[in-house]
1. Tilt of helix B:230-266 relative to the longest C-alpha principal axis of chain B, in degrees (0 to 90, nearest 10)?
2. D for segment B:190-337, whole µm²/s, Stokes-Einstein with Kirkwood Rh over alpha-carbon pairs at 20 °C and 1.002 mPa s: what number?
3. When you look at the Cβ of every residue in A:81-91, what mean number of other chain Cβ atoms sits within 10 Å?
4. Per-residue mean of other chain beta-carbon atoms within 10 angstrom of the beta-carbon, peptide A:131-139?
5. Under a Cβ-only charge scheme (Lys and Arg +1, Asp and Glu -1), can you give me the dipole magnitude of segment A:93-158 about the Cα centre, in debye to the nearest 20?
6. Could you work out how far apart the two model spin labels at B:Val3 and B:Lys162 are, taking each label as a point 7 Å from the Cα in the direction of the beta carbon, and quote it in nm?
7. Could you pull out every one of the lysines with an alpha carbon less than 21 Å from that of A:Lys41, ignoring same-chain neighbours closer than 8 positions?
8. So, counting K/R as plus one and D/E as minus one, what does the shell of residues with Cβ under 12 Å around B:Lys52 add up to?
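The values are calculated or read from the model by the stated rules, or taken from the named source; none is laboratory data. Here the structure is a predicted model, which means the values were calculated and not measured. Glycine also receives a Cβ, built like all others from the backbone with ideal geometry; neighbour counts cover every protein chain displayed. Areas reflect the complete protein model, heavy atoms only, side chains present, ligands, DNA and RNA absent. Shrake-Rupley method; radii C 1.70, N 1.55, O 1.52, S 1.80 Å.
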Amino acid sequence: MSKMATLPPLPMTRPKLAALARQKLPCSPVTIPRSQLIKEKDDIDHYVEVNFKGLSKEEVAAYRNSYKKNICVDMLRDGYHKSFTELFTLMEQWDALREVARIRSLQWLQKPLEEQPDKLDHFYHYLTRAEDAERKGYFEDVYQNLYALACYFNNSEDKWVRNHFYERCFGIAQLIKIDGGKREAEAHGNMGLLHEEDGQLLEAAEHYEAFHQLTQGRIWKDETGRFLNLLACECLLRTYRLLSDKMLENKDYKQAIKILIKACEIAKEGSDQHMQGEASYYLGLAYLAAGEYNTALTALNTYSKISTDQDDDLNLGRAYEAIAKVLQSQGEMTEAINYLEKVVKLARNNFQSLDIVRASTMLGDIYNEKGHYNIASEYFQQAFDETVGEMNMPLMEETKVHYGIAKAHQMMLTVTNYIESADLTSLGYLLSWKETRSDIEPQPVTGEFTSSTVEDVSQNSEHVEELDFQITKKNET
Amino acid sequence: MNVIYPLAVPKGRRLCCEVCEAPAERMCAACTVTYYCGVAHQRADWGSIHEKICQLLIPLRTSMPFYNSEEERQHGLQQLQQRQKHLIEFCYTVAQKYLFEGKHEDAVPAALHSLRFRINVHGLSSVELVPAYLLLAEASLGLGRIVQAEEYLFQAQWTVLKSTDCCNATHSLLHRNLGLLYMAKKNYEEARYHLANDIYFASCAFGTEDIRTSGGYFHLANIFYNLKKLDVADSLYTRVSEIWHKYLNDHYRGLVQARVQQMDLLGKRFENDTGLDEAQEAEAIRTLTSILSIRESTFNKTPQKTVFVLKTLVMLCYLMMNYSKAQEYAMRALSLAEEKQLDAQEQNAIQELLCLISAEDHPIT
């Protein structure tokens, strides 16, 4: 009623409400001209608007409704219905994911979208821009906006949102014709990444192949200035390697080798020495696993050659180690030893203690098999010393055992000699050894074996038998 | 005994016109419980709704018979409630259908009945009244009585504002009507705001791709069309026709499948139907034909989309068993497709539909 008080007197004899009431039922005869009534109503509205400064409609809506609703309504008002649909579906998915997490009682740290206004703002900004561009047919702009959104959500929690926009980008990129396929290539790369992260390696490889094909012979670069073609090669090789790993696990050597050969060819085309070397390395390993030693050696030799050319000691070390493994499997021990010694030298120079440990252990093994227990235990000790510096407990334990075995072998010879000779002096030696349990050899016996007795020796002989068994097995294969 | 004399009515008992609530001077001879102020209103009511509910009103308006036990009394009351609820729904649907057919004058009495029964059942301040208010507002808008429509709508808005448990569907309807009101007042800014709200609420209630959401898109498209923002309007119209096409297509496929599976068993064919109520059917026809005419007049550079709308219409008419109409639309689509040299696949699809229609039109007996 405050309106009534502030209104200027109107040239109306009838009270207004009564007039309105008479007008209310549709079948009552119309007596007041409608235009007059409308005018009167509009006057009131205008008067109130001018004289009563309160909240505007937008302010009221912002206060009453959630931010999510306001954003949606804002989009729709300007006709951005596709953006609205997209945002709406995403929010529904978001809620569904939360629900699933809740049911599994996982810790879901994400707040609902409604409580993250900055994310909603980003959605609003880029989606509406993209739709605008889409209406005008500027697909390039659409792509850029969607890609920006994908980048914005590129963190571990919102990965699925990013994936959604990668897929959208992929769809849009197919429509962009003028840039010769650069966007399409990028989109393929993104899709490949998406599938790779999901573990769908075959699909990923397909996309990366398309990516690689589209970028071939082009000098496109990405935002960080890297050549797209190189990037494609890298991704493709990585996927191929993962694929072949899986196949090797399933003992599907033929397929794995086929894929790795393909990888080698691609690396060759990519004209990046490092990648080429890498590819041949994995090919060599696959051949080794398949038991084709000669081809494995060729592949690995390529690798070692490339590494030498590049002066890359680390990779050279890896190459030699792999070659040694092949040679060892072939039974050519002397050559294997040669290579391994080279590895040890290289690793020494580069302070790669892990490599030293591996190589020394392998050397020790070989000598152990050949019966040169002295040298074997020397190498094992070397390995053991390195692990002590590394603070790697499991590895240390392992080398400890190796070392112990070698040591036992070494001692067993002397002990059996004494027993076989069966005279008093020998008996004396044995007894005194049993007393002190140390100096039968000039070196002190360390580790677990200091406390062991003859039982221990018999245990060690078991180990020897085991080793023999292993050797025969290896020779069989 | 059609005429009654107000002065002869017992004291304290006031007989009002069913339509305008003025003192009554006539009575319906068939049910004897309905009164009118004059022949005009009686005729209007009869034509609108009374013919359909005349006999149903008798138990509601005569006093309850005497019951011997409490149990029976409760049962009787429950029955009464049931009848009223049924009438609410019935009057509502009838009014809605009139509205979609554009017979606004006829819709008013039916909508008023619905409102009155709602007040009886739910009380004056219930959210249940809102749909009836909205119908009345829509009818008033159709009749060009803007002020009156505004009254009804503000009443509805106030009711919704006060209540805490109003469902999204009602919110959506309210905003749609408010949007229409502001459209009629040519206040497009406000209209857009309300229609946006309508779409939002409808999406919350039914999903973004539902036919019940499509109405909001359609009105929004009309606004942009009036504002000469043709690209926006075009994309919105496309959206609406896509929604309808998807619904009809799915329904049609489902029907065909059911037919194939059941035919051998019962040897009898499924009747065509749209799976919609009458109001929705009327809305579908109105929406699609107006999109068609707009497409033909304004967007004639994209015959693809016009053909798409025509195809949707063909499907709708076919499902509504209006075969001659379906055939007409199909012929139009075909000639347009041939004229503009659209791809063969499109033409084949239309041909297929045509075959289907002619098979239905002259069933092989």
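1. For B:230-266 against chain B, the angle is about 90 degrees.
2. 131 µm²/s
3. For peptide A:81-91, the averaged partner shielding equals 4.
4. 1
5. That gives segment A:93-158 a dipole magnitude of about 220 debye.
6. Each label point is offset 7 Å from its Cα along the Cβ direction, giving 4.4 nm.
7. In chain and number order, the partners are A:Lys3, A:Lys16, A:Lys24, A:Lys53, A:Lys57, B:Lys185, B:Lys186.
8. Value of the local net charge: -2.
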